[in-house]
Amino acid sequence: MSFDPESLVYDDRGLIPCIAQQEGTGEVLMMAWMNAESVAKTLETRRVTYWSRSRKSFWIKGETSGHTQELVDLRLDCDRDCLLAVVRQTGAACHTNRRSCFYTSVSSGNEIELMKPMAD
């Protein structure tokens, strides 16, 4: 069965959340938004392409930082309203230069930093 990005369930802005997960380890790296065109571009190029809500434009992960995401597999959830991109991450996934955007834990009402920025 062929896949059509238009078959996904997008929100009222035409966006769908996409979680990036490291191949092999299952580490959750980040969440960003895609639209039908960025899903199609990602599948075509195998370079993960997101939609920037603030810039209202496409951004290919690592285009300026060099911290790229190579698509290994794109998975759909059961409701077709969320994506999981299994990737080969090079460098930091987070704009704060951390491996993962999920570097803060809430424990007993306190925020705890789980990782420092990566060394350049």
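Could you say whether any residue in the range 69-76 is touching a residue at least 24 places away in the same chain (Cβ under 8 Å) and at positive phi? Taking every residue of the range 69-76 in turn, none turns out to be touching a residue at least 24 places away in the same chain (Cβ under 8 Å) and at positive phi.
Of the residues Thr96, Thr49, the single one that is hydroxyl-bearing (Ser, Thr, Tyr) and over 23 Å from Leu114 (Cα atoms) is Thr49. Looking at the range 37-53 only, could you name the residues that are buried (at least 16 other Cβ atoms within 10 Å of the Cβ) and either charged (D, E, K, R) or touching a Gly at 6+ places or on another chain (Cβ under 7 Å) (or both)? Passing the criteria: Lys41, Arg47. Count of the range 100-114 residues, restricted to those that are within 19 Å of the chain's Cα centre (by Cα) and free of Cβ contacts under 8 Å to residues at least 24 places away in the same chain, is 2. A Cβ distance below 7 Å, combined with a sequence gap of six or more or placement on separate chains, defines the contacts here; from the range 9-34, residues that are within 20 Å of Arg99 (Cβ to Cβ) and at pLDDT 95 or above reach residues that are of a type in the set (Ser, Thr, Tyr) and outside any strand (DSSP E or B) in the pairs Glu27/Ser100; Val28/Ser100; Leu29/Ser100; Met30/Ser100. In the range 79-99, the condition of being surrounded by 12 or more Cβ atoms within 10 Å (Cβ to Cβ), out of contact with any Cys (no Cβ under 8 Å at 6 or more places or on another chain) and free of Cβ contacts under 8 Å to residues at least 12 places away in the same chain is met by no residue.
Give me a count of the residues in the range 63-78 that are among the polar types (S, T, N, Q) and surrounded by 15 or more Cβ atoms within 10 Å (Cβ to Cβ). Lay out the reasoning, then the answer.
Residues of the range 63-78 that are among the polar types (S, T, N, Q), as a first pass: 64-65, 68-69.
Next, only the ones that are surrounded by 15 or more Cβ atoms within 10 Å (Cβ to Cβ) stay: 68-69.
The qualifying residues number 2.
For the range 26-120, give me every one of the strands (runs of 3 or more DSSP E) that falls completely inside it and has 1 or more residues that are closer than 24 Å to Gly14 by Cα.
Details: elements: 28-34, 49-52, 57-60, 69-76, 83-89, 104-107, 110-113.
Counting at least 1 such residues, we get 28-34, 49-52, 57-60, 69-76, 83-89.
Anything in the range 1-25 that is surrounded by fewer than 19 Cβ atoms within 10 Å (Cβ to Cβ) and in a strand (DSSP E or B)? List them, or say none. Answer for the range 1-25, where residues must be surrounded by fewer than 19 Cβ atoms within 10 Å (Cβ to Cβ) and in a strand (DSSP E or B): Pro17, Ile19, Gln22.
The values are calculated or read from the model by the stated rules, or taken from the named source; none is laboratory data. If you're wondering where the values come from, they're calculated on a predicted model, not measured in any experiment. Reconstructed Cβ throughout: ideal geometry from the backbone, glycine too, with neighbour counts over all protein chains shown.
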